[in-house]
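Below is one structure, written out as structure tokens; comments come after it.
The values are calculated or read from the model by the stated rules, or taken from the named source; none is laboratory data. Remember, it's a predicted structure, so these values are computed and weren't measured experimentally. All Cβ positions, glycine included, derive from the backbone under ideal geometry; neighbour counts span all protein chains shown.
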Amino acid sequence: MWKFLNSFTVLAALLFVIGAVGLVSGADAIRDPGQPHDPLLPLWYFGAAVLMIINAVLSVRHYEHKKRWEQEKSSSKEEARR
């Protein structure tokens, strides 16, 4: 569980909170200055939060896969030397 706590999950949590504030207070509460009114803005933040969670899971899985591959590669080299 702790391995998934990285910068992507923190960013996802922040985006989720901003989206929740937008749902409760209205989309104009989270709108940037000069940005046109978009009633779907909170949903965009929720979508970005989901993408960040997917990115966090994929990055951890890729790191674990790479480590496992390197361990298998080094163990096969040791066996070849024998």
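Worth a mention:
- Scanning region 1-20 for residues that are surrounded by 15 or more Cβ atoms within 10 Å (Cβ to Cβ) and over 17 Å from ILE54 (Cβ atoms) gives ILE18, ALA20.
- Look at region 60-76: where a residue is closer than 25 Å to PHE8 by Cβ and a partner is in a helix (DSSP H, G or I) and not charged (D, E, K, R), sitting 6+ places away or on another chain with Cβ atoms under 7 Å, you get VAL60/PHE4.
- For region 39-64, a tally of residues being over 18 Å from the mean Cα position of the chain (by Cα) and exposed (fewer than 14 other Cβ atoms within 10 Å of the Cβ) returns 2.
- Condition met for GLY34 (on the phi > 0 side of the Ramachandran plot and at pLDDT 90 or above): yes
- Close pairs from region 18-33: first within 15 Å of PHE46 (Cβ to Cβ) and part of a helix (DSSP H, G or I), partner among the charged types (D, E, K, R) and at pLDDT below 95, Cβ under 8 Å, at least 6 apart: ALA27/ASP38
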